[in-house]
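Notes to accompany the following structure.
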Amino acid sequence: MATAPIDLRSDTVTRPTPGMRRAMAEAEVGDDVYGEDPTVRALEARVAERLGLEAALFVPSGTQGNQLAIGVHTRPGEEVILEEGSHPFHYENGAIAALWGAQPRIVVGQRGILTPVQIQAASRGNDDHLPRSRLLILENTHNRGGGTVWKPSVFGDAVAAGRSAGLLVHLDGARLFNAEVAAGVPASTWARLTDSTTVCFSKGLGAPVGSVLAGSKAFVAEARRLRKRLGGGMRQAGILAAACLYALDHHVARLAEDHENARALARRLAEIPAVRVELDRVETNMVYAEVPVDAPALVPRLRAAGLLVNSVGPHALRLVCHLDVDRPACERAADILRASLEGK
Ligand code: TLP
């Protein structure tokens, strides 16, 4: 029998574990559009508390969480300052412009990290000619930056720079729990400084669906209205929220394993002469590797050899470690890449 491929395309590919499926099957539910699903409410309360914010809203995806935040915080014509590789700019299908008529103002960070000087420079003054700068979006961990963790003090400085320029601050914390585990400080260290924060459960935490957007009570009330407008009002969503609660209880601390596996994978990749990996850039569960061949063309060859990865540039691959791949699988992944590059 053929062995299953090793899937390192993303941590979104994880499947719910038997324990998670049991929790989902047993979830108490109600109609959440009426605010009557006890499991959704429990999840929202728990995440708000964990992030040090007042209230929270269960949403179908990280993208919707980010976009609701932008929708609540901005008006058409206003500017959103965010990093070039950030998910809301790079991967959300132009939604900032398409949905809200806001204008992205792009800053190029270092591995996704912005300095206070860059943030100040990107904010506009009060001038009738210029767009009004309204919102700063930061991302932790930063996906295209390499799974980068914002040092809490550096994050605090960036937020302070935004505040002094009169900006609201949203955090895309799709992988904020990876940052929590990697830095050894609670997720609230970052989130409580923001006006709104999104966290995702369908990435390394292993839930099938679900993100939570948190902020003040007034912010969440507005986000709830916009969620309905976008068709994100879910009914007996407690079945999904139960998976997220289970993930909070059982899958956060184990993210450390994914981080160790990513480091082991990176070390093994670095032994391949043709591959370039910056080991010190592997801070969480992601490995970005440079290959000397056309990366998009390499992807189907790797797939045929039993390894699924994504190309993220002409010569760049992204490999993501997660709940469903163990250390031997990660090491085998490096061996498959080596064999493929050596034409074996
Ligand atoms: N990221 C996905 C792809 O969309 C690129 C991945 O495989 O990494 N914020 C960040 C930082 C993300 O990485 C993602 C998903 C999202 C938001 C969006 O989450 P979903 O997919 O739930 O809309």
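The values are calculated or read from the model by the stated rules, or taken from the named source; none is laboratory data. Worth saying up front: this structure is predicted, and the values here are computed from it rather than measured. Note: ideal-geometry Cβ built from the backbone for every residue, glycine included; neighbour counts use all protein chains shown.
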Name the one entry in Leu82, Leu136, Leu130, Leu57 that is closer than 30 Å to Ala242 by Cβ and aliphatic (A, V, I, L, M). Leu57
Before we move on, is Gly94 without any contact (Cβ under 8 Å) to a residue 60 or more places away in the chain, under 18 Å from Glu139 (Cα atoms) and within 16 Å of the ligand (Cβ to nearest atom)? yes
In this structure, is Leu269 more than 30 Å from Ala45 (Cβ to Cβ), surrounded by 23 or more Cβ atoms within 10 Å (Cβ to Cβ) and either without any contact (Cβ under 8 Å) to a residue 24 or more places away in the chain or touching a strand residue (DSSP E or B) at 6+ places or on another chain (Cβ under 7 Å) (or both)? yes
Residues of the stretch 105-122 satisfying the condition of being crowded, with 20+ Cβ neighbours inside 10 Å and not aliphatic (A, V, I, L, M): Gly109, Gly112
Sole residue being under 11 Å from the mean Cα position of the chain (by Cα), among the β-branched types (Val, Ile, Thr) and either surrounded by 24 or more Cβ atoms within 10 Å (Cβ to Cβ) or not in a loop (DSSP other than H, G, I, E, B) (or both), chosen from Thr189, Thr198: Thr198
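Name the single residue, out of those in the stretch 97-134 being part of a strand (DSSP E or B) and within 30 Å of Val320 (Cα to Cα), that is farthest from the ligand (Cβ to nearest atom). Even if it seems obvious, please write down each step before you answer.
As a first pass, look at the stretch 97-134 and keep what is part of a strand (DSSP E or B): 103-107, 110, 113, 133-134.
Then keep just the ones that are within 30 Å of Val320 (Cα to Cα); that gives 104-107, 110, 113.
Numbers: Pro104: 15, Arg105: 19, Ile106: 16, Val107: 16, Gln110: 17, Ile113: 14 Å.
Residue satisfying both the conditions and the ranking: Arg105.
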Residue satisfying all of: in the stretch 209-229; in contact with a helix residue (DSSP H, G or I) (Cβ under 6 Å, 6 or more places away or on another chain) and part of a loop (DSSP other than H, G, I, E, B); surrounded by the fewest Cβ atoms within 10 Å (Cβ to Cβ) among these: Val209
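Per-residue answers, yes or no, for (1) under 30 Å from Val299 (Cα atoms); (2) among the aliphatic types (A, V, I, L, M):
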site: Ser10; (1), (2): yes, no
site: Met24; (1), (2): no, yes
site: Val29; (1), (2): no, yes
site: Thr39; (1), (2): no, no
site: Ala69; (1), (2): no, yes
site: Val72; (1), (2): no, yes
site: Glu83; (1), (2): yes, no
site: Ala97; (1), (2): no, yes
Confirm whether Arg144 is part of a strand (DSSP E or B) and either modelled with pLDDT of 95 or more or surrounded by fewer than 24 Cβ atoms within 10 Å (Cβ to Cβ) (or both). no
Scope the stretch 158-172; condition within 16 Å of the ligand (Cβ to nearest atom) and touching a residue at least 60 places away in the same chain (Cβ under 8 Å); matching residues: His170, Asp172
Provide a single number: the residues in the stretch 16-68 that are in a loop (DSSP other than H, G, I, E, B) and either closer than 16 Å to Gly215 by Cβ or over 18 Å from the mean Cα position of the chain (by Cα) (or both). 14
Report, by residue number, each residue of the stretch 174-232 that is of a type in the set (S, T, N, Q), under 21 Å from Gly162 (Cα atoms) and touching a Ser or Thr at 6+ places or on another chain (Cβ under 7 Å). Thr198
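Residues checked against (1) in the same structural domain as Gly65 (by TED's automatic domain parsing); (2) of a type in the set (D, E, K, R):
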position	(1), (2)
Ala187	yes, no
Thr194	yes, no
Thr198	yes, no
Pro208	yes, no
Ser211	yes, no
Arg224	yes, yes
Ala237	yes, no
Ala243	yes, no
His259	no, no
State all residues of the stretch 1-47 that are surrounded by fewer than 22 Cβ atoms within 10 Å (Cβ to Cβ) and among the hydroxyl-bearing types (Ser, Thr, Tyr); if no residue qualifies, say none. Thr3, Ser10, Thr12, Thr17, Tyr34
